[in-house]
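The values are calculated or read from the model by the stated rules, or taken from the named source; none is laboratory data. Fair warning: this is a prediction, and the values are worked out from it, not measured in the lab. Don't worry about glycine lacking a Cβ; one is built from the backbone with ideal geometry, like all the others, and counts go over all protein chains shown. Keep in mind that these areas ignore ligands, DNA and RNA; they rest on the heavy atoms of the full protein, side chains included. Shrake-Rupley method; radii C 1.70, N 1.55, O 1.52, S 1.80 Å.
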Amino acid sequence: MTQYEHYIGGQSFQGDSDRLGDVYDPARGIAKSQVRLATAGDVDAAVTAAAKAFQTWGETSVTARSRVMFDFRQLLVEHEDELAAIISSEHGKTLADAKGEVVRGREVVEFACGIPQLLKGEYNDQVSGGIDSHTFRQPIGVVAGITPFNFPIMVPLWMHPVAIATGNTFILKPSERVPGASDLVARLYTQAGLPDGVFNVVHGDKVAVDAILEHPGIAGVSFVGSTPIAKYVHAGASRTGKRVQALGGAKNHAVVMPDADLDFAADHIVAAGYGSAGQRCMAISAVVAVGPAADTLVDKIRERSVDLKVSVGTDPDAEMGPVVTKASRDRIVDYVGQGEAAGAKVVLDGRDLVVEGLEEGFFVGPSLLDDVTTDMSVYTDEIFGPVLTVLRVPTLDAAIELINSNPYGNGTAVFTSSGEVARTFQRKVHVGMIGINVPVPVPMAFHSFGGWKDSLFGDHHIHGPEGVRFYTQAKVVTTRWPHVSEESLAQLNFPTAQ
Ligand code: NAD
C-alpha cells in the first residue's frame, strides 16, 4: 500500500506525526493508500525550508523564474496520463475528465511563463519638475495554499505557478483525500530545476490548516473549499495578519428562457450537472425554467440522463464515476429523500444505483427533481453530487431575483437566443462568473476566477491578473537626480507638483 509523505526542502519528509489517513479508491470502496497527517511541527519545518529558499528565490531573475515554469509545463505534458490516472483513482472522475483538469491547470503554468510581461511596472516621467515616479511589485514571502478534493491538480495549479513565478515560496496543503497528484507535482518541480524549498507539500487535516493560520512566518493564504471552512480560514488568517483569499462553495443556477434552443440547453445542463458526478464548484445544480420552457426541458434532460453510463473512471465508456466517499454518497442519497419528502417530484432517481462488479463503490446515479421550491433543503444546501433540481418561475426578472436571493454567487448561466435577455442577465445578476449559453463559465487562466457573496471571502479572485496582484505587493518610488549646482527648493510646506 502506497504511503504518502510530505515533501519539504526538495525531499520526502516524514516528520514527527504518527497519524495516517486512508485514501480510498471510491469505485471499489476500499482504502488503497495512506497519507501522513502533519503536526504543527511539520508545518513549521516547511515554513523554515520555504523561508530559507525565499532568500534566494525572491532575488532570482524573473527570466530564470519564467524558464523553470516552461520546463515544468513540459513535464506536465509528458506526465499528463500518469497524473490523470492518479486523479481518477483517488477522486473517481473519469480519465477524460481528469485529463481535462490537468490541461486547464496547465494553462495557469502557461500564463505564469509570461511573468516578465506580467510584472512590468508603471512609470511616469516628470511628475514634477525633475522628478519621476514608478511602481513595481515584489513577492510577499512564504505563502500557503489549502485545497479541496474535487480538483486534485487544477485548483492547486490556480495558486502555486503564479505564486512561485512572482518570486514567492509555497507550501501546499492539499486535500487529504487526494494526495497523489500533489506528490508527483512536487517531484516534477524539482525535475524542472526549481530550487529546494520553493515548493513544499504538507499533507494533513485541520491540525495542519490551523498551524498554517497561526504561523507568523506565512505571509499569505489562498484557500479553496466549502463555505464554512472558507469563512474560518478567512477569519483565522486575517486575525494573524495574513493576506488571504478564501473561495467557498456554490449553488449554481442555469436559467432557461422559452426562446432558448431547448435541445442545446438540455445537452449542456446534463453535462454541467452530472459531469464529475456533480462534484464541481461550477456544476449546475439548480435549473430555473422560465415560463413555458419547463415541461419540454425536463423531458429532454430526463431523456439524456437516463442512460448515462456510470462506472469506474478508467472504463473508457464511463461518462460519470463514483462520488468521493461513502459519507458523500449517503449525504447525497439523503438529500434526494428530503426533496421527495418536501414535495419535489423525483423524475430520475439515482439512489439505488449499483454498478455490476463494483458493488462496494460509492456510486449515485443521476437524479432529477422537478417542482423544487426555494425553501427545500435540496435547493438551500450545496449537495455536491449528481442531483439536478428544477425550479419554475414566470419571468426573467423572477429568475434573477431568485438567484440574487441565494447566498452563494459563484457561477451562473442563461440559455437564450436574445441578446437583450443576455445583457440584462449579465448586468443584474449578483454572481462572479456568468455564462451566456455556456453552462460552466470557468474563466481561462489569463482571466481571474472568483465568485461573489458566500462563494469568496477576501478581495482578490484567483489566478490571472488578480493572482499576480495577490501574490505581490507594490512599491512606489519617487526619484529626483538633482543637478550638482541646482538650487535646493526645500521648504517645510507639503510638496506639490511644480
Ligand atoms: P472542505 O472545505 O471540506 O476542505 C477544503 C480544505 O479544507 C481541505 O484541504 C481540508 O483538509 C480542509 N479542511 C476541512 N475541514 C477543515 C476544518 N474543520 N478546519 C480546517 N480545515 C479544514 O472542501 P472539500 O469537501 O474538500 O471540497 C468541496 C468544496 O469545495 C465544495 O463546497 C465546493 O463548492 C468547494 N469548491 C469551491 C471552489 C471555488 O472555486 N469556489 C472550487 C472547488 C471546490
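I need the phi-derived Karplus couplings for segment 127-134: 6.51 cos²θ - 1.76 cosθ + 1.60, θ = phi - 60°, integer Hz, Gly and Pro marked x.
Once rounded to whole Hz, the list reads 6, 8, x, x, 10, 10, 9, 9.
Taking the Cα centre of segment 252-436 as the origin, how large is its charge dipole in debye, to the nearest 20, when only Lys and Arg (+1) and Asp and Glu (-1) carry charge on their Cβ atoms?
I would put it at about 600 debye.
Along the charge dipole of segment 252-436, which of Val364, Leu297, Phe425 sits closest to the positive end, that is, farthest toward it, with unit charges on the beta carbon of Lys, Arg, Asp and Glu (+1, +1, -1, -1)?
Phe425
Compute the helix-to-body angle for 95-113: its Cα long axis versus the longest principal axis of the chain, expressed 0 to 90° and rounded to tens.
For helix 95-113, the angle is close to 20 degrees.
For the chain, with every protein chain kept in place, what is the accessible area per residue (1.4 Å probe, Å²)? It would help to have the intermediate numbers written out before the result.
Values: 20590 Å² over 498 residues.
With all protein chains present, the chain gives 41 Å² per residue.
Can you give the log10 of the normalised intensity I(q)/I(0) at q = 0.17, 0.20 Å⁻¹, computed with Debye over equal Cα scatterers of segment 252-436?
At q = 0.17, 0.20 Å⁻¹ the computed log10 ratios are -1.03, -1.38.
Expressed as a whole number of Å, what is the distance separating the alpha-carbon centroids of segment 29-64 and segment 435-456?
Going from one Cα centre to the other spans 29 Å.
In deg cm²/dmol and to the nearest 500, what is the mean residue ellipticity at 222 nm of the chain if only DSSP H runs of at least 4 residues count, each as -39500 (n - 2.57), divided by the residue total?
Numbers: 16 runs with 188 residues, N = 498.
That comes out to -11500 deg cm²/dmol.
Please work out the Cα center distance from segment 269-338 to segment 70-129, rounded to the nearest Å.
29
Might you report the magnitude of the Cβ-based charge dipole of segment 387-498 about its Cα centre, with Lys and Arg at +1 and Asp and Glu at -1, to the nearest 20 debye?
220
Any idea which of Met444, Pro495, Ala474 is furthest toward the positive side of the dipole for segment 432-498, if Lys and Arg beta-carbons carry +1 and Asp and Glu beta-carbons -1?
The residue sitting most towards the positive pole is Met444.
Dividing the alpha-carbon Rg of the chain by 2.2 N^0.38 Å yields what?
Computed over Cα atoms of the chain, the ratio equals 1.06.
About its Cα centre, how strong a charge dipole does segment 175-234 have in debye, to the nearest 20, once Lys and Arg get +1 and Asp and Glu get -1 at the Cβ?
In debye, rounded to 20, segment 175-234 gives about 160.
Using alpha carbon centroids, what distance separates segment 357-395 and segment 238-259, in Å?
19
What accessible surface, in Å², does a 1.4 Å probe find on His134, ignoring ligands, DNA and RNA and rounding to the nearest 10?
Near enough 60 Å² of accessible area.
Could you tell me what percent of the accessible area of the chain is made up of carbon and sulfur, with a 1.4 Å probe and every protein chain present?
That share works out to 51 percent.
On a 0 to 90 degree scale, rounded to 10, what angle separates helix 180-191 from the longest Cα axis of the chain?
30
For segment 57-126, which GluC sites (Glu not before Pro) pass both filters: DSSP loop (anything but H, G, I, E, B) and at most 15 other C-beta atoms within 10 Å?
The qualifying sites are Glu59.
Set the bar at 31 Å for Cα to Cα. Now go through Lys173/Lys428; Lys309/Lys428; Lys173/Lys326; Lys52/Lys173 and name every pair that lies beyond it.
Those over the limit are Lys173/Lys428; Lys309/Lys428.
Under 5 Å between amide hydrogens, which residues at least 5 positions from Phe13 or on another chain qualify, with H placed 1.01 Å from N in the peptide plane?
Excluding prolines and chain starts, which carry no amide H, the hits are His6, Tyr7, Ile8.
Counting DSSP beta bridges in the chain, what percent are antiparallel, to the nearest 5?
So the antiparallel bridges in the chain amount to around 40 percent.
Just to confirm the number: angle between the C-alpha axis of helix 396-405 and the first principal axis of the chain, 0 to 90 degrees, nearest 10?
60
Using DSSP to define loop residues, name the trypsin sites (Lys or Arg not before Pro) in segment 1-49 whose beta-carbon has at most 16 other beta-carbon atoms within 10 Å.
Listed in order of number, the matching sites are Arg19.
Give the residue list of GluC sites (Glu not before Pro) in segment 444-495 that are DSSP loop and have at most 14 other beta-carbon atoms within 10 angstrom.
The qualifying sites are Glu486, Glu487.
For the charge dipole of the chain, defined by +1 on Lys and Arg C-beta atoms and -1 on Asp and Glu C-beta atoms about the Cα centroid, which residue among His215, His253, Tyr123 has the Cα displaced farthest towards the positive pole?
Of the listed residues, the answer is Tyr123.
Kindly provide log₁₀ I(q)/I(0) values, in the same order as q = 0.24, 0.30, 0.33 Å⁻¹, from the Debye equation applied to equal alpha-carbon scatterers of segment 7-49.
-0.80, -1.00, -1.11
Only Cα pairs under 8 Å and at least 6 apart count here; give the relative contact order of the chain as a rounded whole percent. Walk me through the intermediate numbers first.
Details: 1181 pairs, mean separation 91.3, N = 498.
Relative contact order of the chain: 18 percent.
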